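Nothing in this text is a laboratory measurement; each read-out follows from the coordinates by a stated rule. Nothing here was measured: the structure is a model prediction, and the numbers come from that model. Here Cβ is always computed from backbone atoms with ideal geometry, including for glycine, and neighbour counts include all displayed protein chains.
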Amino acid sequence: MPPAVVGKNGDISVVLCGEAGQGIQTVEQILTQLLKSSGYSIFGTKEYMSRVRGGSNSTQIRVSSHRVCSPVDRIDILIPFDTKALEHVRGRIRADTVIIGGKKELFPAGGADHFNCIDIPLSEIASQVGGAMYMNTVGSGVIAGLFSVDRQRLDDFVAAFFGDSSESVIEKNRDAAARGYDAAIKIIEDGRIRLDVSANPEVENDILMNGADAVGIGAIAGGCDFVASYPMSPSTAVLVFLAFHGDEFGIVVEQAEDEIAAMNMTLGAWYAGARALVTTSGGGFALMEEAVGLAGMIETPAVIHLAQRPGPATGLPTRTEQGDLQLAMYSGHGEFPRIILTPGSLEDAVYLTHRAFNRADKYQVTAFILTDQYFMDSYYNLPSVDVSGLRTVRHIVETDETYQRYFLSEDGISPRGIPGFGTGLVAVDSDEHDENGHITEDLDLRIAMVDKRLKKSAALENDTVPPELIGKDDYSILAVGWGSTYHVIKEALTVIGRDDISFLHFKQVCPLHRSTVEYLKRARVTAVVEGNATGQFANLIKLRTGFDVHHRILKYNGLQYTVEEVVGRLSKII
Amino acid sequence: MKQGPFDRGAIDIAWCPGCGNFAILNALKAALTQLGISPEQIVIASGIGQAAKMPHYVRTNVFNGLHGRAIPAATAIKAANPGLTVIAEGGDGDMYGEGGNHFIHAIRRNPDITAIIHNNMVYGLTKGQASPTSSLGFKTPVQVGGVTEEPFNAMAVAIALNASFVARAFAGDVDQTRDIIKAAISHRGFSIVEILQPCVSFNKVNTFQWFKENSGYVEDSYDPSDRSAAFNRAAEGGKMALGICYVNSERSCFEETLSPYSEDSTPLFKRDVDMAKLARLVDSKRQA
Ligand SMILES: Cc1ncc(C[n+]2csc(CCOP(=O)(O)OP(=O)(O)O)c2C)c(N)n1
Ligand code: SF4
Ligand SMILES: [Mg+2]
């Protein structure tokens, strides 16, 4: 039998699938790092159930000769940890998908011959090592072997990775990795499989991170020195990142008793001169809404990272969706301006989160960073993120005796003093207030204060991140997206390969950049691709510009789009 | 009248004539004056309600936030700048009802702030509904058959949770109230001062006279460091204990436990991000 040649244009999609608790995430952590430092470009993403044990979770790792940043349906190599896992991804198994695993383990009732299955009995090897718990490390060894990772590098990495465990656990994991590795080398030598992919020494030194890391780095760059939040998937990863680096960067990190406390702490912190972040999701953010209005009223800056997940209510806690755009847009009662940033790439997440802090401070408004579960949990490598040019710009003033927190200025922005800095007093009030920040029911003053707050909108509109056009200027078809779909739509267009289609990606949706309508009008056909059921961004475009996009390509099953899916759905309308 | 450092001069005060809040205002201003802290170094955070209007009537920094949310804001203000003296103030509805969760967790967290709770056993601002401390049987336009829920005993809850400083005052005694507030502010840790406050407009049951008859100061021999005795005193029926009910000076306060202040007391706004360190963090993502 000739060897199964795996990969397409130097790009291999590996999927590992197993129960929660079987260590799929450990495999992902080991392999993404190891393969990247062996010179492969990596994209890793996971889909998992909201449970700690059991069920079926999967991780996709694209291993490539060139940069890859988005998920694909295609599975070139599948490593199922049990029969249930096989069922979980059954619909994606094609004739040329190579399944690696124990034939007897995976097909107890027979039928392995219907598949392209190479027999490496992972669970049997694991029990030889010391038990089922080593299966994931055996699997890591197999993949490392298939991609010809240096044997010593694998061993060193595994030893370091399990470094905190007992001596015997470390040894057993090293053994497990080595056995998996040898099994993979054997199937290559036996001519059963050949991988069409090559390493590129250039990427060995790339950085590898996920969306949560990128938001965290951007926050620190923006001067974040305070984070109060309440755990909720998928936003918690940013809290964990900042807690991990809290000592290093002097960040006050507090797990609040609830989201209401977290948001009110955020405002108290900014009021007293800190630069605070709150990270939250779905229902957690819904609880913060009243305080979003407080921020609007007292004109205290705030930065909110809202990592979306499918709602309403608890929805699908560990899945993804772009369903909270409207929530962020209209959160808080009353009328007041805000900023909503929607990073598409990891660089975007760093730079936009940094920007959120400086702009929130400058305009004394809430700046949202809208991400989602997919974005938080996906990794890829990139040459670098240059933080050297980033500055923390503080917009606070030293007060004197005549200081008035809500001085009615020309542009609506009153210099922001903080308590204890200067000889003045700083009063803020959630009631309608006078220029001194004291409660008032003077209805003429009410009008002046509303106008003052809304005046900031004009300034915000002049300071908006423009959408990024990918493709030629003279397109006739325009795909439109925002936030986390950036790379997947971009790759889909490359696959389609037509030069009359371009892609307009929005990194800020509020205020909407004024060039928006011009871009849309230039196209014969427009299609918004977004991850929700109603086309929230398409609706927003209509509301703000009057333009009706021609097509809405929507998805709301809790999973991110894949490249094939976007290609398929765009192809139907062009 | 001579202007004190905390007087705001001729301002319009929204309280009813005869309201117990006036006495609390005087006691608070006197306490701050005697402590000699300058108005610029103090922040009074409050929620919403009649009591929560307090900071507008004191010449100092003000964070008048949302109903029930004074404590989280005050906690963060102190954590952002530990040099400030921070007070959280509000009514019984504000602090024990809407903000009850924060009250409980602030006791656990133990920030070095003072919570002043005006307990008039009623919702004043919203015109007379029951509050968490309203007595059983208290009739209102909403509780038409009288309150059926057990009143919230904040003192007992606080002592049960091993709060740092727990005291109760009576608005009828300005000097004692002033002294209790002074002790609370001087105490390091979360200090709770509940002040019994007659509401002349909406509470015709728990009047000045009623409070006078139904409360009494702890005796001189009372030991506020004895937790079980303090708890028993707070939990038993009869007269409500006035004075400093419980003090625990052993607990470390929230700000002391925060790593940014372990070696450096500089407030956050005076610090800068170490960008070279951040560049190294980014670089650390290169290595496995
Ligand atoms: C979220 C929210 N719910 C309700 C209200 C209406 N409200 C304002 S003050 C108050 C209760 C006031 O009672 P208390 O806190 O005891 O203060 P008092 O007026 O008695 O001093 C209520 C229910 C509000 N402002 N915000
Ligand atoms: S309603 Fe009651 S608490 Fe409010 S000001 Fe009047 S008397 Fe005081
Ligand atoms: Mg009350």
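Once the Cα gyration tensor of region A:332-402 is diagonalised, what are the square roots of 5 times its eigenvalues, in whole Å and ordered largest first, as equivalent ellipsoid semi-axes?
29, 19, 7
Classify region A:481-526 as rounded, prolate or oblate from the Cα gyration tensor: take a ≥ b ≥ c as the square roots of its eigenvalues, call it rounded if a/c is under 1.5, otherwise prolate when a/b beats b/c and oblate if not.
It comes out oblate by the Cα gyration axes.
Setting aside same-chain residues fewer than 8 positions from A:Lys362, which lysines have a Cα under 27 Å from its Cα?
Candidates past the 8-residue exclusion: A:Lys452, A:Lys455, A:Lys456, A:Lys507, B:Lys78, B:Lys270, B:Lys277.
Let me spell out the model: positive unit charges on the Cβ of Lys and Arg, negative unit charges on the Cβ of Asp and Glu, origin at the Cα centre of region B:129-271. What dipole size does that give, in debye rounded to 20?
460 debye
Treat every Asp and Glu Cβ in region A:396-463 as -1 and every Lys and Arg Cβ as +1, leave all other atoms uncharged, and give the resulting dipole magnitude about the Cα centre to the nearest 20 debye.
It comes to approximately 220 debye.
What does the C-alpha gyration tensor say about the overall shape of region A:1-121? Classify as rounded when a/c is under 1.5, otherwise prolate if a/b is larger than b/c, or oblate.
Cα axes put region A:1-121 in the oblate bin.
Tell me the label-point distance for the pair A:Glu347, A:Thr402, using the 7 Å Cα-to-Cβ offset, in nm and rounded to one decimal.
Roughly 4.8 nm, to one decimal.
Quick one: check the C-alpha center-to-center distance for region B:196-245 versus region A:85-138, whole angstrom.
Distance between centres, Cα-based: 72 Å.
With charges set only on the Cβ (+1 for Lys and Arg, -1 for Asp and Glu), what does the dipole of chain B come to about its Cα centre, in debye to the nearest 20?
So the dipole magnitude of chain B works out to roughly 640 debye.
Enumerate the calculated ³J(HN,Hα) couplings along region B:27-35 in order (Karplus 6.51 cos²θ - 1.76 cosθ + 1.60, θ = phi - 60°), each rounded to whole Hz, writing x wherever the residue is Gly or Pro.
5, 5, 4, 5, 4, 5, 5, 5, 6
What is the average number of partner chain Cβ atoms found within 10 Å of a Cβ in A:219-231?
3
Which peptide among A:71-84, B:240-253 comes first, and what is the full order, when sorted by highest mean count of other Cβ atoms within 10 Å?
A:71-84, B:240-253
Just going by the charge dipole of chain A, with Lys and Arg at +1 and Asp and Glu at -1 on Cβ, which of A:Leu306, A:Ile143, A:Leu287 is farthest out on the positive end?
In chain A, that residue is A:Ile143.
Work out the charge dipole of chain A with +1 on the Cβ of Lys and Arg and -1 on the Cβ of Asp and Glu about the Cα centre, then indicate which of A:Ala459, A:Gln60, A:Ser235 is farthest towards its positive end.
Of A:Ala459, A:Gln60, A:Ser235, it is A:Gln60.
Using a 10 Å cut-off on Cβ to Cβ distances, tally the other chain neighbours for every residue of A:270-282 and report the average as a whole number.
Partner-chain Cβ atoms within 10 Å, mean over residues of A:270-282: 5.
Once a ≥ b ≥ c are taken as the square roots of the eigenvalues of the Cα gyration tensor of region B:15-91, is the result rounded (a/c under 1.5), prolate (a/b larger than b/c) or oblate (a/b not larger than b/c)?
In terms of gyration-tensor shape, oblate.
Can you report the principal axis dimensions of region A:468-573 using only the alpha carbons, biggest first, rounded to whole angstrom?
Cα extents, longest axis first: 33, 31, 22 Å.
Run through the DSSP bridge list for the protein assembly as shown and note the antiparallel percent, rounded to the nearest 5.
Expressed as a percentage, antiparallel bridges in the protein assembly as shown total about 30.
Under a plain spin-label model, where a point goes 7 Å from the Cα along Cα-to-Cβ, how far apart in nm are B:Arg227 and A:Val517?
For B:Arg227 paired with A:Val517, the spin-label model returns 6.7 nm.
Using a 10 Å cut-off on Cβ to Cβ distances, tally the other chain neighbours for every residue of A:417-424 and report the average as a whole number.
Counting other chains' Cβ atoms within 10 Å and averaging over A:417-424 gives 6.
Stokes-Einstein diffusion coefficient for chain B at 4 °C in a medium of 1.567 mPa s, Rh from the Kirkwood formula over Cα pairs: what value in µm²/s?
65 µm²/s
Quick one: give the max-minus-min coordinate of the C-alpha atoms of region A:357-445 along each principal axis, largest first, in Å.
Result, largest extent first: 56, 28, 25 Å.
Report the Cα centroid-to-centroid distance between region A:512-574 and region B:1-41 in angstrom, as an integer.
Centre-to-centre (Cα) distance: 59 Å.
Once both labels are modelled 7 Å past Cα along the beta-carbon direction, what's the B:Val144-A:Asn557 spacing in nm?
5.4 nm
To two decimal places, what compactness ratio does region B:132-288 give when its Cα radius of gyration is scaled by 2.2 N^0.38 Å?
1.52
Using a cut-off of 18 Å between alpha-carbon atoms, which lysines can reach A:Lys84, once sequence neighbours fewer than 8 places away in the same chain are excluded?
Excluding near neighbours in sequence, the set is A:Lys46, A:Lys103, A:Lys104.
At q = 0.05, 0.07 Å⁻¹, what log₁₀ I(q)/I(0) does a Debye calculation on the Cα points of the protein assembly as shown give, no solvent, two decimals?
-0.34, -0.63
Mind pulling the angle between the C-alpha long axis of helix A:486-496 and the longest principal axis of chain A? Nearest 10 degrees, somewhere in 0 to 90.
50 degrees
Provide the percentage of antiparallel DSSP beta bridges, counting only those with both residues in region A:468-573; round to the nearest 5.
20 percent
Antiparallel versus total DSSP beta bridges in region B:74-198: what percent is that, nearest 5?
5 percent
Which is the longest run of chain A containing none of the GluC sites (Glu not before Pro) found in DSSP loop states (not H, G, I, E, B) with at most 12 other C-beta atoms within 10 Å?
A:1-334
For A:Asn200 and A:Gln152, what is the calculated FRET efficiency with R₀ set at 22 Å and r taken between the beta-carbons, to the nearest 0.05?
0.60
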